[in-house]
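Chemist: Okay, here's the structure, questions in a sec.
The values are calculated or read from the model by the stated rules, or taken from the named source; none is laboratory data. In this text, all values refer to a predicted model and were calculated from it rather than measured experimentally. Glycine gets a Cβ as well: all are built from the backbone with ideal geometry, and neighbour counts include every protein chain shown. SASA here: full protein model, heavy atoms, side chains in, ligands and nucleic acids out. Shrake-Rupley method; radii C 1.70, N 1.55, O 1.52, S 1.80 Å.
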Amino acid sequence: MNDSETRTDTPPKKNKNRRNLVAEVSGRLREFIAGGDLQPGDKLPSEAGLTREYSVSRTVVREAIASLRADGLVDVRHGVGVFVREPAEPASAFKPVDRARISSMIEVLELRSAIEIEAAGLAAERRSPAQEEILFERFDDLNRLIETNEPTVAADMALHLAVADATNNPRFREFLTLMGEHLIPRSALPESVENTAPEDYMAQIQSEHRAIIQAISERDIAGAREAMRAHLKGSQDRYRRLIRGT
């Protein structure tokens, strides 16, 4: 396993170097899992082994593993090791979003508002340092995809799931995961519509994501709730404009 380049497209925050190292280690392990170099059931190198291989601290390795675990990629068996999980089958009890109906997307966003505004406040109150790092890592992942003009729906969902994880109440992730791909109504848009979105479309979304993460990082409970409220309300307005071409 070779080191990858350190990302620099991060929002302002202390401990930038460590955050980038966490992103680097977790990113490389993700690549090995996605590429098949690490198969389901395979055991990852030990914490000491990863520390030597990437020339990072044990804290960085632990936070990188926590990131993978939060996304359901690995299982941590205490006293035994870290193992690659079988990929989970996406499941959803929700009806597919009707791309022909703006109201269908608005319904999803209203439901998310009822859940995620409170989740943001709880995350600001309860998040751990490792969960804080994961939030910034998810922001970095989304930034990279935007800059390279790659699909962003999965990364957007991962960021919102990281907020849910930071509540330290597993029911939030369970509920959002139950929604599946419908969590991000943008996934129901025809590709041609999404590709013709205004250039500042994703920049605005990232600005709102930044506000949410910063408030959680600063343990600003009211600020986190308001930032999430503004983000989801803004999304409702953007979908209306995007579908109508205005």
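Chemist: ARG126 to GLU174: extension gain in nm, 0.36 nm per residue of separation minus the Cα-Cα distance?
Modeler: On the way: separation 48, 0.36 × 48 = 17.28 nm, distance 1.79 nm.
Going from the current span to full extension adds 15.5 nm.
Chemist: Order MET228, MET202, most accessible first, counting only protein heavy atoms with a 1.4 angstrom probe.
Modeler: Numbers: MET228 0, MET202 30 Å².
Largest accessible area first, the residues go MET202, MET228.
Chemist: Could you order peptides 156-169, 214-227 by the average number of other Cβ atoms within 10 Å of their residues, highest first? Walk me through the numbers before you get to the answer.
Modeler: On the way: 156-169: 22.4, 214-227: 19.5.
Ranking the peptides 156-169, 214-227 by packing returns 156-169, 214-227.
Chemist: Suppose R0 equals 41 Å. What FRET efficiency, 1/(1 + (r/R0)^6) with r the Cβ-Cβ distance, do SER103 and GLU47 give to the nearest 0.05?
Modeler: 0.25
Chemist: Once label points are set 7 Å from the Cα along Cα→Cβ at both ALA222 and ARG241, what is their separation, rounded to one decimal in nm?
Modeler: Output for this residue pair reads 2.9 nm.
Chemist: Moving on. Take the Cβ-Cβ distance between ASP200 and SER55 as r, set R0 to 35 Å, and report the resulting FRET efficiency rounded to the nearest 0.05.
Modeler: In this case the efficiency is close to 0.35.
Chemist: Ranked from highest to lowest mean number of other Cβ atoms within 10 Å per residue, what is the order of the peptides 125-134, 78-87, 142-151?
Modeler: Output ranking for 125-134, 78-87, 142-151: 125-134, 142-151, 78-87.
Chemist: Follow-up. Go through region 59-74 residue by residue and turn each phi into a ³J(HN,Hα) via Karplus (6.51, -1.76, 1.60, θ = phi - 60°); whole Hz please, and just put x for glycine and proline.
Modeler: Rounded to whole hertz, the list is 4, 4, 4, 4, 6, 5, 5, 4, 5, 5, 5, 4, 8, x, 8, 9.
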